[in-house]
1. Please list, ordered by first then second residue, the pairs with beta carbon atoms under 6 Å, 6 or more apart or interchain, first in the stretch A:357-377 and farther than 18 Å from A:Gln449 by Cβ and in contact (Cβ under 8 Å) with a residue 12 or more places away in the chain, second surrounded by 14 or more Cβ atoms within 10 Å (Cβ to Cβ) and not hydrophobic (A, V, I, L, M, F, W, C).
2. Which count do you get for residues in the stretch A:358-407 that are closer than 30 Å to A:Gln143 by Cα, among the small types (Gly, Ala, Ser) and at pLDDT 80 or above?
3. Return yes or no: is A:Val801 among the β-branched types (Val, Ile, Thr) and within 14 Å of A:Leu885 (Cβ to Cβ)?
4. Can you find, within the stretch B:57-85, the residue that is farthest from the other protein chains (Cβ to nearest Cβ) among those that are among the hydrophobic types (A, V, I, L, M, F, W, C) and surrounded by fewer than 18 Cβ atoms within 10 Å (Cβ to Cβ)?
5. Would you check which residues across the stretch A:145-172 are in contact with an Asp or Glu (Cβ under 7 Å, 6 or more places away or on another chain) and β-branched (Val, Ile, Thr) and list them?
6. Go through A:Ala876, A:Ala844 for me and flag whichever is outside any helix (DSSP H, G or I), touching a Lys or Arg at 6+ places or on another chain (Cβ under 8 Å) and in the same structural domain as A:Ser762 (by TED's automatic domain parsing).
7. When the stretch B:1-56 is examined, which residues are found to be assigned to a loop (DSSP other than H, G, I, E, B), aliphatic (A, V, I, L, M) and within 14 Å of another protein chain (Cβ to nearest Cβ)?
8. Hey, can you tell me all the residues within the stretch A:4-18 that are part of a helix (DSSP H, G or I), more than 12 Å from chain B (Cβ to nearest Cβ) and in contact (Cβ under 8 Å) with a residue 12 or more places away in the chain?
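The values are calculated or read from the model by the stated rules, or taken from the named source; none is laboratory data. These numbers were taken from a predicted model, which means no experiment stands behind them. Ideal geometry is used to build each Cβ from the backbone, glycine not excepted, and the neighbour counts take in all protein chains shown.
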Amino acid sequence: MKGSTNQPPRWANKFLIWFVAEDLIEEIQGDLHEAHFHRSQEIGRLQADRLFIADVFRFFKPYAFEKYSRAKQFLPMFNNYFKIAFRNILHRKSFTAINLVGLTFGIATVMLIGFYLQNELTYDQSTPEYDRIHRLHNHYRDQVYTCMQFSKYFDTEGKDQVNLLNWLKGNEEVETACHFVPSNSQIGGGDKYYVETDGEQFLAEKVLYTNTGMDFQTVFPKQFLAGSPESAFTGFDKVTITEKLAKQWFGSDWQTRDILGRNLTIRDENYELAGVIANIPDNVHYEFDWIIHQETIPSWAGYTYFKLKPNALAEPLLARLNQDVNKVYPGYTEDILNKGILSVPLADIHFTNDTLYELKPIANQAYLTTFGIVGLIILLIILTNYTNLSIAMYADRQKELGMRKVMGARSKDISLQLLIEAILLAMFCLPLVVLILYEVIPHFNELMQINIDRNLLFSGSSILILIGVLVLTGILSGLYPALAYGSRSMLGLFGKSKKINLNHRHYNFRNALLTAQFILVIGLLSLTFFIQQQIDFISNKDLGYQKDGIVYFEIDGAEKYKELENALLQLPEIEAVGANGVPGSVMYNQMTYKMKGTDVTFSDGTQQYLTLGTVKALGIKCDACELLEKGKEKIFVLNQTAAEKLAKIKGVEPKDLINETFISEPEWENEEFGYGIHQNIDGIIDDYKFFSLKYPNQSLIVEIVSKPSWAYEMIVRSNTDNWQATMQKIENEYEKIETARPFDYAFLEDRINDLYLEERRSGTLMKGLSLVALILAMMGLAGIVSYIAYSRQKEIGIRKVLGASVGDILVNFNKQFSYMTLLATIIALPTSIYLASKWLEGFAFQIEPQFWVVLLAGFAALILVVFVVTIQARWAARQHPIDVLKVD
Amino acid sequence: MQGLGYLEETVLLLILSMDDEAYGFSVSEAYKKHAGKSISISAIHSVMSRLEKKGLIKSHMGGATAERGGRRKRIFEATAQGKEVITEIKVSRQKLWSLIADLS
């Protein structure tokens, strides 16, 4: 990189010099550098570098090293090693192929797992000085909120929203503090926006609201491609967009167009487009496409961060905050439900369990550990498979090596030769692994919803690790034969009786490893099956409501809702329309409740507000709803779970609670009721699974109204065969009434399926891993059997002379491996059932992992084993005894 | 024995058309211009080495330029045999063409 900045990537250049024949290097390198020079002027440095790398790899073929042996006259010894190595490789083509394919797939899988783990484990670590950044959490009731409430709740002024930040900044150990709310969070509304500029209208999602832009920039620095932090965050009503959005809105040539300073109209408010920033990396705990900097954040709380000065500690600050908390939140300590403010280091956010309103799904540590372990096992398997196969390959080379010794080779020459061969063979995989990963990473990203940059492959550290693993594999596989043959006496190498009997010496070790592979295969197959079973189970589980044929979408207020409801009910295919209460939600805040006249207070209630329409659309069984039909405006009901809990305390039947008094938030002192809010229970409704099936039945405290006084979402059940036409009709009606928000609907069924997205993903990933394990194990088996068959030729010949049939010999071969499969199944049985039940712990409603699944997987493995063994051993079993016995 | 593939023929023609300036990069650029398709430099190199083995072209090391990082070029030119072969191809093609009355 010294001097000129216009050099192609150095490693690729070095690689080129390494493999290209000496007499060709000047012209080839010259041409590639010239091409790179012109390309970087025409299409930019980055593209040119990429093409250069591609070109270098295209030269990696016999043509470029063709003259190697002719041109390189130095070290004739080494040359001979290479020649012999190549000849040996060609001599045992199928063996080498099995060996290399196994090694390539295995290493590629392990690298992929490595990339994934790295992506997950370095969450938020791209933020500079991340170890000094913390986020505040509030412990309230039994839940930990990841956001901090503003001091005067929802409709506070911007200057009051920053009270907490001002307190933080007043401490000497705090460098700065900021807060924000992304719209696609549970407290951010999740809205879609129409953005109008210059008569054009764009759709935008994922906005981040902040009123402390400069501090936000200090804590989470973003690279400005146009404008500057000062221009974007000084003064309010300014919008900053990411490059992605800039390209969407203004085309890929947005930089040539004068877009800064434009007026943007969003929901009838005017904003100034003040900056363009680089896209936000994927592995950070927040996500946004654009930023609105305005005086008041439109939410009731904010995600609050502070950055410490170097060497400052968070604990004393937190202690002081909890002491002074009443200054920031008047009356905080009087509310006994407040249990104190906590802080979490930035890099730990992605791993902090059981919090409320987290911005992104947190990492599932069980999965990460599983992937890590499976990766390690696969690595172990490929290493041993490769070593096994290599040892087998060397076994009948002793005459060649004896000859070398006769010609004067020393022990260390022999050892060196064998080592070089082994390493060389392993290095063949390098380009293949890179190629496979390059193709697979985009698919993997799509599956896991992550964004691993595939150019990471070409980073120095990845290449180094890859080369390191391959060299290690080569050394490990070559070491034993190298030392064993090197130290053999000359006569020993020629002598028939003194053959190194690798077959027996490694018998137990090799069998143990093969069994371990079978265990992995059977275990992974069973786990894949269990995951699939569980996913099928939750998809078919009765949720207590109907999920088919239902769409839902946002609506702005009760006025518009009523208008649209009337319009939609005119359509013949619409069966029911309701407001609010769309089920299939992740957990949200809970409340306390008790019965009047009892002492026991529960804290696990969730409140629901439904309309009669929603109840009808979902088909929830509700006897008390008759009251609404008869003209009552509002009823108050409990679900079965809540009713049973309360009835038990009172010592009565759940149905006896009807017309008793229910108290919610009993610790809240007020003028009307004294303590809490008193309500008369009008009925009990059946349990319906409002939340994911990961949670047990929750206590639902439900208010049902016949006509909503407020509405934010609308739920529509239709009976139609032509969804497209129906949705078009609904959209037409919607657009007559709502012009500010785009019509954005979703099916309830999809929403419920999305609750188990992570589980589905891990199911797919397990499938992939079992496939790789299966391929590896079968390849290892095929190699070993074919080697054993080869070295047992004479024994087989004698057996045949003594009257054994082909079938007998095949049975003989199969017996050993079938026992191993059986043993593997027995070991896999408890292990995979244990792991499956661990995984199932995440679900309140779960299947029972059945042992026959493992037996089935074992049986499938057995069939494959017999198949592979028979194919490989058939050749040896069919040989005519005369052919094999006449030699020597 | 001297069968020429399509790519070999094209590259030979390009070399003939380029006087003294035919080397790997320039031929690949010329190919792009005339054939309208891009081709990798390594493909050009291996074609030229095949042609050289067949004795249809010969080469010498030419001048270096700054954009090549001071490395010299290998300049190719057609041998007498190369010119003969390409003329033969042309003549035989023309004979065939003369047998075709009208294409459309």
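1. Between residues of the stretch A:357-377 that are farther than 18 Å from A:Gln449 by Cβ and in contact (Cβ under 8 Å) with a residue 12 or more places away in the chain and residues that are surrounded by 14 or more Cβ atoms within 10 Å (Cβ to Cβ) and not hydrophobic (A, V, I, L, M, F, W, C), the close pairs are A:Tyr357/A:Thr146; A:Tyr357/A:Gln186.
2. Summing the residues that are closer than 30 Å to A:Gln143 by Cα, among the small types (Gly, Ala, Ser) and at pLDDT 80 or above in the stretch A:358-407 gives 1.
3. When the stated conditions are applied, A:Val801 passes them.
4. My answer is B:Ala80.
5. Result: A:Thr146, single match.
6. None of the other options fit; the residue is A:Ala844.
7. B:Ala22, B:Ile39 - these are the residues of the stretch B:1-56 that are assigned to a loop (DSSP other than H, G, I, E, B), aliphatic (A, V, I, L, M) and within 14 Å of another protein chain (Cβ to nearest Cβ).
8. Within the stretch A:4-18, A:Trp11, A:Ala12, A:Phe15 meet the criteria.
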